[in-house]
Amino acid sequence: MNWRIKQVDRLVAYTTVSAVLATWLLLVGVDAARAFVTEAVDIGKGNYGIGSVILQTLLTVPRRGYEWFGNSALIGSLLGMGTLAGSGELTALRAAGMSKLRICLSAGLSLALVTFLVAAMGEFVAPAAEQQAQSLALQAKSNNIAIGRRSGGIWARDGDSFINAKQGTTSQVEGLREVRLGDVRVFEFTPKGQLLSIAIAETAVHRSGAWTMEKVRKTEFGEAEAKSTTEATTHWKSGLDPRMLALSIVQPAYLSVSDLRKNIRYLKRNQQDASGFEMAYWARLFWPFNVLVLVVCALPFAFGALRSGGMGKRIFIGMVLAIAFDFLQRSLVNVGAVYGVNLALSTVLPALLLMAAAFWYFRRTS
């Protein structure tokens with residue numbers, strides 16, 4: 001096969017990328033509009049107005065763009081190939097001796113640059129913008145909670161006390177949501193701003209309607225002296241709303257690779273379950289590979305349908321393939337997490353199986 005780029009490759013690339021970008025803009029726009037309508041319900045809570053809703057929605061667009069690009073690439077590439085099939089150009093390319101593999105690679109490789117640009121956006125832009133969006137919404141809706149990674153993690157206010165936590169996770173325990181804060185510092189002040197005490201705890205957990213601090217060292221400041229005490233566990237009397245705190249904790253899927261790596265190390269160092277962050281970590285690393293493999297390997301199976309079907313049929317094929325691949329990947333990753341299989345292998349295995357199926361198809365039809 002002659003791999004030199006030809007005019008026909010440019011034709012396939014231009015048609016495919018144009019269809020993918022149009023599909024991507026449409027899906028992200030619909031999702032952002034839906035999010036705007038959902039957030040608009042909270043207008044009037046605290047200082048949360050229409051301007052805050054618009055800004056909050058715009059800040060989530062990079063994250064939504066990253067999440068929707070995989071499906072957009074698959075559906076858009078099928079639409080692009082369908083355009084070539086409908087105009088007879090796909091048949092002409094095949095008659096001229098261009099193999100299905102060459103056509104699929106021309107479509108897939110043209111998307112490689114766009115895919116890696118979107119991956120960079122998901123790594124460097126989307127996490128920071130998502131955290132800003134959550135911070136904006138929380139500060140506008142509540143006077144108690146503020147969040148900022150640059151200022152040292154999660155910050156909250158409870159009356160005359162200020163709370164800082166370097167780490168924060170949420171999980172479901174026996175059907176109830178548990179909020180766990182790590183490396184916690186509680187600063188208690190008088191109404192005049194005088195520091196009364198500092199409590200440093202390894203963790204603070206909210207379960208069964210109450211807060212519990214573990215491995216606590218508390219220092220109380222008097223007029224002429226400071227007194228320090230240590231306790232293994234202590235009940236923490238706080239009006240801090242765990243539901244609002246749970247919202248302020250960024251989901252693993254929204255974190256960057258570096259932040260995911262830090263959280264995994266922290267949880268393992270404290271002998272806590274890090275599987276949720278590990279799944280997000282490997283999914284983020286293999287995301288470009290999975291997107292490109294899905295697009296390149298899914299196209300040949302739809303060649304016959306592309307010639308005979310309309311736009312609706314192509315969209316349906318893309319949705320079915322995207323849903324099937326996502327279901328297979330989620331299932332294998334969850335099974336791997338339960339039975340202790342390497343999560344990196346569980347994440348990449350669906351793409352490898354799809355590549356094997358495509359290789360068999362190309363060998364059989366060549």
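Within segment 125-142, is there a residue that is assigned by TED's automatic domain parsing to the domain that holds residue 327, under 22 Å from residue 20 (Cβ atoms) and crowded, with 21+ Cβ neighbours inside 10 Å?
yes
Output yes when any residue across segment 25-43 is in the same structural domain as residue 118 (by TED's automatic domain parsing), farther than 17 Å from residue 141 by Cβ, out of contact with any Pro (no Cβ under 8 Å at 6 or more places or on another chain) and among the charged types (D, E, K, R), and no when none is.
Yes, some residue in segment 25-43 is in the same structural domain as residue 118 (by TED's automatic domain parsing), farther than 17 Å from residue 141 by Cβ, out of contact with any Pro (no Cβ under 8 Å at 6 or more places or on another chain) and among the charged types (D, E, K, R).
Could you grab me the full set of residues in segment 190-213 that are charged (D, E, K, R) and either surrounded by 15 or more Cβ atoms within 10 Å (Cβ to Cβ) or outside any strand (DSSP E or B) (or both)?
Here is the first cut: in segment 190-213, the residues charged (D, E, K, R) are 192, 202, 207.
Matches in segment 190-213: 192, 207.
Can you tell me which residue within segment 260-281, out of those that are buried (at least 20 other Cβ atoms within 10 Å of the Cβ) and in contact with a Lys or Arg (Cβ under 9 Å, 6 or more places away or on another chain), is nearest to residue 124 (Cα to Cα)?
260
Got a sec? Which of 162, 187 is under 16 Å from residue 240 (Cα atoms), modelled with pLDDT of 90 or more and surrounded by fewer than 19 Cβ atoms within 10 Å (Cβ to Cβ)? Working first, answer last.
Numbers: 162 fails: modelled with pLDDT of 90 or more.
Just one listed residue meets the conditions, 187.
Taking segment 146-159 only, how many residues are in a strand (DSSP E or B), of a type outside the set (A, V, I, L, M, F, W, C) and modelled with pLDDT of 75 or more? I'd like the intermediate steps shown before the answer.
Step one: list which residues in segment 146-159 are in a strand (DSSP E or B), which gives 146-148, 153-158.
Now drop any that are not of a type outside the set (A, V, I, L, M, F, W, C), which leaves 148, 153, 157-158.
This time we only want the ones that are modelled with pLDDT of 75 or more, so: 157-158.
Residues in segment 146-159 being in a strand (DSSP E or B), of a type outside the set (A, V, I, L, M, F, W, C) and modelled with pLDDT of 75 or more: 2 in total.
Mind checking which pairs have a first residue in segment 70-81 that is surrounded by 24 or more Cβ atoms within 10 Å (Cβ to Cβ) and a second that is of a type in the set (Ser, Thr, Tyr), Cβ under 6 Å, 6 or more apart or different chains?
Taking only residues 6 or more apart or on different chains, the pairs are 72/23; 75/23; 76/23; 77/16; 80/15; 80/16.
The values are calculated or read from the model by the stated rules, or taken from the named source; none is laboratory data. No experiment lies behind these values; they were computed from the predicted model shown. Because the Cβ atoms are built from the backbone with ideal geometry, glycine has one as well, and the counts that use them run over all protein chains shown.
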